[in-house]
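Reviewing the structure listed below.
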Amino acid sequence: ARAVVDTTNEDNRTVPGTGTVHLSNQTITDISNIGTSMLKGKHIFSNSFDLDWTIVYTVANGNSPDYASVALVQTIATPGSNPPTYLNYSNCITRLYQWDIDEDKSAYLNLNYRTTLFKHQFEFKAGGMGRMKFRKNYANEYNFNAAPDNYLYPNPDILTVPISTKNDQQLQGNALNNPGNYRAWEDIQAVYGMVKTNIGKLYILGGARVEFTYMANEHNQMDIQQPLAHARFSYYDLLPSLHLNYKFSEKQNLRASVYQAINRPNYTEVIPYSDIRPGGSSGNPNLQHSFGTCYDLRYEIYPQREEVFTA
């Protein structure tokens, strides 16, 4: 629990030091849990060939059963006085209930093969991964106002003033306006291949990765004809990379890299909701993922142990 005082007071400019001060009492409860199970294995078939794999299952949930805020006012009639605080008639109580669950299933496989070709040592690697994510989120926010006959209570407080909800979406969990009511799925599959070798002092690492992305989500709506809004996405990307490292000595390197990568939208950015209230925001189900090419050139010097200078 905490007490909050608004520092932007509504001062009475005619009489400095007087005016209206807005305060609030808040109570917050957060309950979170996370559990992870992992199974790993490595199989060595020969000195030149082995494989490893990993299976991971993670589930997490959060619960905020009652985030409550009680709005209060304090009217300072004389400078330096500390009069009692009373319940604010408008939006006197705000309550928010929310919970979520995240589920993540992942699997990884890597194959490693080492051999000598053209009098050079080569290491070949290939593998893949799959990850399925699911998230369900719920939020219900509603406000209480003082009763219309609040003029009968000259010294209003939460114990004596009748209050009533004004939000007609309370039972629907703010389905239309609240971006916190959604279900989202994200499935990613990827395969890669790479090779590593050296020619004298030049070390070479090159490869490519292909990622397949599938996303879908649902958002509650108040529309009886269409109670759910949907958005679905599907795309793939080919992501090559090349890394070079020239070792002048054990203490000096020159590195050069070029690779391509992507950045996916998160769940909340692409959910098809629209908050029609003043100052509200909207989700963008047409938002595309970003794609970029990255370059890096770096010179390294290692004077002593645990010391490095780079440019």
Please name all residue pairs, on different chains or six or more residues apart, with Cβ atoms under 7 Å, provided the first residue is in region 249-266 and is within 30 Å of Asn286 (Cα to Cα) and the second residue is open to solvent by less than 50 Å² (accessible area, probe 1.4 Å) and among the β-branched types (Val, Ile, Thr).
Arg264/Thr213
For region 149-200, enumerate the residues that are touching a Cys at 6+ places or on another chain (Cβ under 9 Å) and either at pLDDT 80 or above or not in a loop (DSSP other than H, G, I, E, B) (or both).
Ile163
Anything in region 264-307 that is surrounded by 14 or more Cβ atoms within 10 Å (Cβ to Cβ) and touching a Phe, Trp or Tyr at 6+ places or on another chain (Cβ under 6 Å)? List them, or say none.
Ile271, Gly283, Ile301
Check region 96-107 and report whether any residue there is at pLDDT below 95, aliphatic (A, V, I, L, M) and open to solvent by less than 60 Å² (accessible area, probe 1.4 Å).
yes
Mind listing just one residue for me: the one in region 54-89 that is touching an Asp or Glu at 6+ places or on another chain (Cβ under 8 Å) and open to solvent by 40 Å² or more (accessible area, probe 1.4 Å) and, of those, nearest to Gly128 (Cα to Cα)?
Tyr57
For region 134-144, check the following and say yes or no: at least one residue is of a type in the set (A, V, I, L, M, F, W, C), modelled with pLDDT under 85 and not in a strand (DSSP E or B).
no
Please enumerate the residues belonging to region 184-217 that are within 23 Å of the chain's Cα centre (by Cα) and open to solvent by less than 40 Å² (accessible area, probe 1.4 Å).
Ala184, Glu186, Ile188, Ala190, Glu211, Thr213, Met215, Ala216, Asn217
Asp66: under 23 Å from Asn137 (Cα atoms) and acidic (Asp, Glu), yes or no?
yes
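This table checks each residue for (1) under 26 Å from Gly127 (Cα atoms); (2) aromatic (Phe, Trp, Tyr); (3) without any contact (Cβ under 8 Å) to a residue 60 or more places away in the chain.
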residue: Gly207; (1), (2), (3): yes, no, no
residue: Val210; (1), (2), (3): yes, no, yes
residue: His219; (1), (2), (3): no, no, no
residue: Asp237; (1), (2), (3): yes, no, yes
residue: Pro240; (1), (2), (3): yes, no, yes
Near pairs, Cβ below 9 angstrom, 6+ apart or cross-chain, from region 124-142 (in contact (Cβ under 8 Å) with a residue 12 or more places away in the chain) to any residue that is open to solvent by 60 Å² or more (accessible area, probe 1.4 Å) and not in a strand (DSSP E or B)
Asn137/Thr268; Asn140/Leu171; Asn140/Gln172; Tyr142/Lys166
Scan of region 89-106 for residues that are without any contact (Cβ under 8 Å) to a residue 40 or more places away in the chain and of a type in the set (Asp, Glu), ordered by number:
Asp100
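The values are calculated or read from the model by the stated rules, or taken from the named source; none is laboratory data. Quantities reported herein were computed from a predicted structural model and do not represent experimental measurements. All Cβ positions, even for glycine, are placed from backbone atoms using ideal geometry, and neighbour counts span all protein chains on display. The accessibility values were calculated without ligands, DNA or RNA, using every heavy atom of the protein model including side chains. Shrake-Rupley method; radii C 1.70, N 1.55, O 1.52, S 1.80 Å.
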